[in-house]
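Peer 1: Provided herewith is a single structure, encoded as structure tokens, for subsequent inquiry.
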Amino acid sequence: MTDIRFHLGWFMNFTPDEWREPFGQGGLPWDGKFYMEMARTLERACFDYIMIEDKLMVPETFGGSTELSLTHAMMVPKHDPAPLAVAMGMATTRLGVVATLSTLAYPPFLLARLCSTIDSLTSGRFGWNIVTSAEDLAAQNFGLDRLPPRDLRYAMADEYMEVVNELFASWDRDAVVLDRAAGIYADHEKVRPINHKGEFFSVRGPLNTVPSPQHRPVYVQAGGSPRGRDFAARHADSIISVASGVESMKTFRDDIRARAVAAGRDPDSIKVLFCVTPVLGETADEAREKQRRMVSAPHFINDILGSISAITEIDFARFDLDQPLPGYLKTNGEQGSLDKFQQWGSGKTLRELVVGGAGGLVSSVELVGTPDDVAERMGAVMAEVGGDGFLITTPVLRVSRRTIIEVADGLVPALQRRGLVRTG
Ligand SMILES: Cc1cc2nc3c(=O)[nH]c(=O)nc-3n(C[C@H](O)[C@H](O)[C@H](O)COP(=O)(O)O)c2cc1C
């Protein structure tokens, strides 16, 4: 038993649920009710937040075609997270709701206005997962031929953050006076234009929404490269990461904290959450069998390769499954996820890379067992890493009611009994 308490978030893909499995529904009708129910369940389980992941394209890198993504519903369809965040927020009263919105896609004024509105609609429980987008295919939906190189994307994003922060501050907290007797709604001297003219953006302001309860959304970020980590350490309230084992979790968190100090911030103001994919069973054997079945499903290998192809824009269909990768792979997209996947130097074959970890891409440590086994391990891992929590996700980027219930009614109570997570 340890006295370290940690935070729980959920990494949620807004794609069809486990539609191929006996307990899935296929996401239809596409009315969001499944996710509203999920939000209520996670709130009951005292999660800090749910994060809705997003991408802005139909993947077609794997095999040079959309076939895999559409046939398997892999990373597509993917509906807009902003209205879903509103629906989830209005279906709950305490859970934080985080939507992914890309700085490539939204002009900063629209994004600030959208975030402010959702934060008001959710009574101050909205968060923004700041992404710069990482695919040429996404860039081509926004008037660009190619994605700008990583350093330029982050330079643009730094200025973007300056602009939205200025916009959020363009109304003083007490600007709305609502003085009926004097006939004053807002004090016009407490609302100012920002007149931002920078290298990439030109925005006059002020924002045209009233200040929301948090004034700005909680900032979530997942930068993996050194430049991305600097960006995250400068701006984020919560940083999400996929690491490879306890040592790499600790190294990542220590590095983020050092970068935060260098940027003049209190490192304790940043909560680093690590993605994990627990596989739970009534017995340890049952959990291991479940994992074995998952990774030996006929579609598993191509689903994982399809998703890594989509986020790196490297066609993994061209590599031999039973050979090591031909060389160290580089991408202008998600290099951190690629590095975690390719385990360069390990000598593993591509097949071994895919089936090696629980959930393929998305578990920082392997968590397979009964709720008590997994809770014990999570406590031990956090004690070594030093904080700040886990972002729970599901194998092959899918979810079902059953998986959510296993976590909410099995794993979380086991964590609570150990004093590891909040009980209210
Ligand atoms: C846990 C996690 C969640 C992420 N969610 C998204 C997402 O929803 N949409 C997206 O475009 N990128 C997402 N990314 C990618 C990051 O925003 C970023 O592009 C990636 O980590 C690479 O960082 P780098 O550019 O600093 O190497 C995610 C990354 C991680 C690790």
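The values are calculated or read from the model by the stated rules, or taken from the named source; none is laboratory data. What you are looking at is a predicted structure, and each value in this text was computed from that prediction instead of being measured. Backbone-built Cβ (ideal geometry, glycine too); neighbour counts: all protein chains shown. To get the accessible areas, we keep the full protein, side chains included, count just its heavy atoms, and leave off ligands, DNA and RNA. Shrake-Rupley method; radii C 1.70, N 1.55, O 1.52, S 1.80 Å.
Peer 1: Among the residues of the range 104-121, are any without any contact (Cβ under 8 Å) to a residue 40 or more places away in the chain and open to solvent by less than 10 Å² (accessible area, probe 1.4 Å)?
Peer 2: There is no residue in the range 104-121 that is without any contact (Cβ under 8 Å) to a residue 40 or more places away in the chain and open to solvent by less than 10 Å² (accessible area, probe 1.4 Å).
Peer 1: Name the pairs: first residue in the range 84-98 and open to solvent by 30 Å² or more (accessible area, probe 1.4 Å), second residue acidic (D, E), Cβ to Cβ under 6 Å, at least 6 apart or on different chains?
Peer 2: From residues that are open to solvent by 30 Å² or more (accessible area, probe 1.4 Å), the pairs are R94/E43.
Peer 1: Give, as residue ranges, the helices (runs of 4 or more DSSP H) completely inside the range 330-415 that count at least 1 residues that are surrounded by 21 or more Cβ atoms within 10 Å (Cβ to Cβ) and at pLDDT below 95.
Peer 2: It comes to 335-342, 350-356, 401-406.
Peer 1: Go through the residues of the range 147-160 one by one and say whether even a single one is small (G, A, S), at pLDDT 95 or above, surrounded by 12 or more Cβ atoms within 10 Å (Cβ to Cβ) and outside any loop (DSSP other than H, G, I, E, B). Working first, answer last.
Peer 2: We begin by selecting, within the range 147-160, every residue small (G, A, S); these are 155, 157.
Narrowing the set further to residues that are at pLDDT 95 or above leaves 155, 157.
Imposing the further condition that a residue be surrounded by 12 or more Cβ atoms within 10 Å (Cβ to Cβ) reduces the set to 155, 157.
Pick out the ones that are also outside any loop (DSSP other than H, G, I, E, B) and you get 155, 157.
Looking through the range 147-160, at least one residue is small (G, A, S), at pLDDT 95 or above, surrounded by 12 or more Cβ atoms within 10 Å (Cβ to Cβ) and outside any loop (DSSP other than H, G, I, E, B).
Peer 1: Is it the case that L391 is touching a Pro at 6+ places or on another chain (Cβ under 7 Å) and not aromatic (F, W, Y)? Can you show your working first?
Peer 2: On the way: touching a Pro at 6+ places or on another chain (Cβ under 7 Å): no; not aromatic (F, W, Y): yes.
Judged against the criteria, L391 is not a match.
Peer 1: Is it true that V176 is of a type in the set (A, V, I, L, M, F, W, C) and open to solvent by 10 Å² or more (accessible area, probe 1.4 Å)? Spell out the reasoning first.
Peer 2: Details: of a type in the set (A, V, I, L, M, F, W, C): yes; open to solvent by 10 Å² or more (accessible area, probe 1.4 Å): yes.
For V176, the condition - of a type in the set (A, V, I, L, M, F, W, C) and open to solvent by 10 Å² or more (accessible area, probe 1.4 Å) - is met.
Peer 1: Just need a number here: residues in the range 145-157 that are more than 10 Å from the ligand (Cβ to nearest atom) and of a type in the set (K, R).
Peer 2: Adding up the residues that qualify gives 1.
Peer 1: Taking the conditions exactly as written (of a type in the set (V, I, T), more than 12 Å from the ligand (Cβ to nearest atom) and touching a strand residue (DSSP E or B) at 6+ places or on another chain (Cβ under 6 Å)), does V191 satisfy them or not? Steps first, please.
Peer 2: On the way: of a type in the set (V, I, T): yes; more than 12 Å from the ligand (Cβ to nearest atom): yes; touching a strand residue (DSSP E or B) at 6+ places or on another chain (Cβ under 6 Å): yes.
Answer is yes for this residue.
Peer 1: Being within 16 Å of the ligand (Cβ to nearest atom) and either open to solvent by 10 Å² or more (accessible area, probe 1.4 Å) or in contact with a Gly (Cβ under 9 Å, 6 or more places away or on another chain) (or both): is that true of T423 here? Can you show your working first?
Peer 2: On the way: within 16 Å of the ligand (Cβ to nearest atom): no; either open to solvent by 10 Å² or more (accessible area, probe 1.4 Å) or in contact with a Gly (Cβ under 9 Å, 6 or more places away or on another chain) (or both): yes.
So T423 does not fit the description; no.
Peer 1: Out of the range 201-217, which residues are open to solvent by 50 Å² or more (accessible area, probe 1.4 Å) and either closer than 17 Å to V131 by Cα or in a helix (DSSP H, G or I) (or both)? Working first, answer last.
Peer 2: Step one: of the range 201-217, the residues open to solvent by 50 Å² or more (accessible area, probe 1.4 Å) are 202, 204, 208, 210, 213-214, 216.
Across the range 201-217, the qualifying residue is only R216.
Peer 1: For F231, state whether it is out of contact with any Ser or Thr (no Cβ under 8 Å at 6 or more places or on another chain), within 12 Å of the ligand (Cβ to nearest atom), modelled with pLDDT of 95 or more and among the aromatic types (F, W, Y). Show your work before the answer.
Peer 2: On the way: out of contact with any Ser or Thr (no Cβ under 8 Å at 6 or more places or on another chain): yes; within 12 Å of the ligand (Cβ to nearest atom): yes; modelled with pLDDT of 95 or more: yes; among the aromatic types (F, W, Y): yes.
In short, yes.
Peer 1: Follow-up. Filter the range 113-144 down to residues that are away from the ligand (no atom under 16 Å from the Cβ), polar (S, T, N, Q), in a loop (DSSP other than H, G, I, E, B) and touching a strand residue (DSSP E or B) at 6+ places or on another chain (Cβ under 9 Å), then give me how many there are.
Peer 2: Matching residues across the range 113-144 total 1.
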